Amino acid sequence: MKFGFDIDDTLIDLRAHAFELYNKKLGKNVEIEAFHALQRVEIHEPFGLSDTEGSAMWNSSLEDIYFTDCPIFEGALETLQALQQEGHDIYYITSRPKQYCKKTREWMISKGFPVAEGHFFCGMQDHEKVATIKSLALDVYVDDKPAVLETLQAVETEVILKNQSYNQHVALPRLYHWYGFESLVFA
């Protein structure tokens with residue numbers, strides 16, 4: 001089978017990691033409960049930042065957010081390694097900015113993710129992700145972003161939503177924990 005995965009907030013806990021970095025950079029101690037209560041992707045509101053200030057903070061922190069010790073969701077790495085060992089094709093499709101593509105791919109490999117040549121797609125807007133997913137004719141695609149997955153409902157690809165606080169309004173098959181992935185897909 002052909003499996004596709006978003007990276008940020010699907011395989012790795014990027015936003016929670018960024019939330020911790022914001023606390024350090026801003027000299028604050030905003031509790032993680034504020035993060036878990038967020039109903040949108042952006043994380044700046046609990047820090048008292050406007051949308052403009054939040055966007056500037058995010059953009060100026062990308063290097064730290066992407067390439068420091070961002071945790072992998074428990075079970076994600078082992079799940080993808082098992083899929084590879086079973087002979088499945090694994091593709092990564094991320095909207096990380098193009099200037100971070102090479103370093104992101106290297107980071108994923110250094111963490112142990114199975115990354116085959118030609119199976120890593122980066123720097124894409126949502127519509128480009130959808131076009132790539134369709135052109136690859138993936139059997140299964142996992143993402144946290146409702147806009148991407150809802151667009152794919154009319155195609156053959158089985159879509160799975162990685163559970164996040166900001167996607168609770170979406171009625172799609174939902175992945176709560178990576179150790180449940182294979183039973184969700186192969187049930």
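Counting only residues that are open to solvent by 10 Å² or more (accessible area, probe 1.4 Å) and either within 17 Å of the chain's Cα centre (by Cα) or among the hydroxyl-bearing types (Ser, Thr, Tyr) (or both), region 131-143 holds 2 of them. Scanning region 90-122 for residues that are over 19 Å from Leu152 (Cα atoms) and free of Cβ contacts under 8 Å to residues at least 60 places away in the same chain yields a total of 21. Can you pull out every residue in region 107-130 that is surrounded by 13 or more Cβ atoms within 10 Å (Cβ to Cβ) and either over 22 Å from Leu14 (Cβ atoms) or of a type in the set (A, V, I, L, M) (or both)? Within region 107-130, Met108, Val115, Met124, Val130 qualify.
Test Ser55 against the stated conditions and say whether it is out of contact with any Ser or Thr (no Cβ under 8 Å at 6 or more places or on another chain) and outside any helix (DSSP H, G or I). So Ser55 fails the test. Screening Ala82 with (1) part of a helix (DSSP H, G or I); (2) open to solvent by 50 Å² or more (accessible area, probe 1.4 Å); (3) over 22 Å from Leu14 (Cβ atoms) gives one miss only, at (2). Taking first residues from region 47-61 that are among the aromatic types (Phe, Trp, Tyr) and at pLDDT 95 or above and partners that are part of a helix (DSSP H, G or I) and open to solvent by 50 Å² or more (accessible area, probe 1.4 Å), the Cβ contacts under 7 Å between residues at least 6 apart in sequence or on separate chains come to Phe47/Leu26.
Look at region 62-76: where a residue is under 23 Å from Leu175 (Cβ atoms) and a partner is surrounded by fewer than 17 Cβ atoms within 10 Å (Cβ to Cβ), sitting 6+ places away or on another chain with Cβ atoms under 6 Å, you get Gly75/Tyr179. In region 98-105, the condition of being touching a Phe, Trp or Tyr at 6+ places or on another chain (Cβ under 6 Å), open to solvent by 60 Å² or more (accessible area, probe 1.4 Å) and over 22 Å from Ser165 (Cα atoms) is met by at least one residue. Considering region 1-49, the residues that are in contact with a strand residue (DSSP E or B) (Cβ under 8 Å, 6 or more places away or on another chain) and in a loop (DSSP other than H, G, I, E, B) include one that is surrounded by the fewest Cβ atoms within 10 Å (Cβ to Cβ), namely Met1. When Lys103 is tested against (1) outside any loop (DSSP other than H, G, I, E, B); (2) of a type in the set (Lys, Arg); (3) within 14 Å of the chain's Cα centre (by Cα); (4) under 18 Å from Leu14 (Cα atoms), exactly one condition is not met: (3). Selection of region 167-183 for residues being buried (at least 17 other Cβ atoms within 10 Å of the Cβ) and either in contact with a Ser or Thr (Cβ under 6 Å, 6 or more places away or on another chain) or assigned to a helix (DSSP H, G or I) (or both) yields Asn167, Trp178, Phe181.
The values are calculated or read from the model by the stated rules, or taken from the named source; none is laboratory data. Note that the structure is predicted; figures quoted are calculated from it, not measured. Because the Cβ atoms are built from the backbone with ideal geometry, glycine has one as well, and the counts that use them run over all protein chains shown. What goes into the accessible areas is simple: the full protein's heavy atoms, side chains included, and nothing from ligands, DNA or RNA. Shrake-Rupley method; radii C 1.70, N 1.55, O 1.52, S 1.80 Å.
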